[in-house]
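Chemist: Got a structure for you, written out below as structure tokens; questions coming shortly.
The values are calculated or read from the model by the stated rules, or taken from the named source; none is laboratory data. If you're wondering where the values come from, they're calculated on a predicted model, not measured in any experiment. Counting neighbours? That spans all protein chains shown, and the Cβs are built from the backbone with ideal geometry, glycine included. Note: accessible area is taken over every heavy atom of the protein model, side chains too, but ligands, DNA and RNA are not part of it. Shrake-Rupley method; radii C 1.70, N 1.55, O 1.52, S 1.80 Å.
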Amino acid sequence: YFIKALAEVVKHIPNAKGVFVGNGENPSEKMYEEIVSDLVRKLNLYKNIIFVKRIPYTEMPDYYSASDILVNTSLYESFNRAQIEAMACGKPVVSHRVGGNPEVIEDGVNGLLVEPGDAKRLSELITELLVNKHLAEKIGEKGMEKVRRLFTWKNAARKTMEIYQQI
């Protein structure tokens, strides 16, 4: 979905880039990488896509910080750590409205949600954030505030203790 959305985004912002970070070590990742590569070829997006192989986890904040937006087009999420990490870096997040995403992302406040598989709307939201820097900054700031308020080790320990006490 992201590749299809990017094909529309580059019609308005020709130098837009999409970065895929992953290791491609297990068979399903390799198959997914082949499908994505075929779609990139078909849509002639070579100059707009960057594939980054496995990197140390400690380098991920560098990638978030260098990005304008985190786009998550997964069709299933229970809790997406990448979204939280990007939000912690002050980046706006665009995600499918699935699983736990709506619990973390307040649509239009600290991120943007799109119905699963809606590449057209996804492209509109990405374009809007790339063009409207003020909106992107505002959403990124709200995301960072939420992460600092709710997703700290202290809060995680407190919630864990509450569960243990209930049991």
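Chemist: Once you place label points 7 Å from the Cα toward the Cβ at MET31 and GLU145, how far apart are they in nm?
Modeler: For MET31 paired with GLU145, the spin-label model returns 4.4 nm.
Chemist: Please label the shape of region 82-166 as rounded, prolate or oblate, based on the square roots a ≥ b ≥ c of the eigenvalues of the alpha-carbon gyration tensor (a/c under 1.5 means rounded; beyond that, a/b larger than b/c means prolate, else oblate).
Modeler: oblate
Chemist: Can you give me the pair-distance distribution of region 67-124, C-alpha pairs, 10 Å bins, whole percents?
Modeler: 26, 61, 13
Chemist: If you don't mind, there's one more thing I want to ask. To one decimal place, what orientation-averaged projected area in nm² is obtained for the convex hull of the Cα set of the chain?
Modeler: Average projection, Cα convex hull of the chain: 10.7 nm².
Chemist: Would you kindly state how much longer the chain becomes between LEU130 and VAL19 on full extension, computed as 0.36 nm times their sequence separation minus their alpha carbon distance, in nm to one decimal? Intermediate values should be presented prior to the final figure.
Modeler: Numbers: separation 111, 0.36 × 111 = 39.96 nm, distance 1.48 nm.
Stretched fully, the LEU130-VAL19 segment lengthens by 38.5 nm.
Chemist: With an 8 Å cut-off on Cα pairs and a minimum separation of 6 or more residues, tell me the relative contact order of region 20-167 in percent. Working shown, then result.
Modeler: Details: 175 pairs, mean separation 27.8, N = 148.
Computed value for region 20-167: 19 percent relative contact order.
Chemist: Still on this model: Which value in deg cm²/dmol, rounded to the nearest 500, describes the helix-derived mean residue ellipticity at 222 nm for the chain, given -39,500 (n - 2.57) per DSSP H run of n ≥ 4 and division by the residue count?
Modeler: That calculation yields -16500 deg cm²/dmol at 222 nm.
Chemist: Among the aspartates and glutamates, select those whose C-alpha is under 15 Å from the C-alpha of LYS154, and discard any that sit fewer than 8 residues away in the same chain.
Modeler: Filter leaves GLU162.
Chemist: Just subtract the alpha-carbon distance of ASP62 and LYS159 from 0.36 nm times their residue separation and send over the number in nm, one decimal.
Modeler: Additional length available on full extension: 32.0 nm.
Chemist: What order do MET144, MET87 take when sorted by accessible area (1.4 Å probe), most exposed first?
Modeler: On the way: MET144 45, MET87 0 Å².
The ranking, largest first, comes out as MET144, MET87.
Chemist: For the chain, with every protein chain kept in place, what is the accessible area per residue (1.4 Å probe, Å²)?
Modeler: On the way: 10420 Å² over 167 residues.
That works out to 62 Å² for each residue.
Chemist: Can you compute the modelled spin-label distance between ILE50 and GLU8, with each label point 7 Å from Cα toward Cβ, in nm?
Modeler: Placing both labels 7 Å along Cα→Cβ, they lie 2.5 nm apart.
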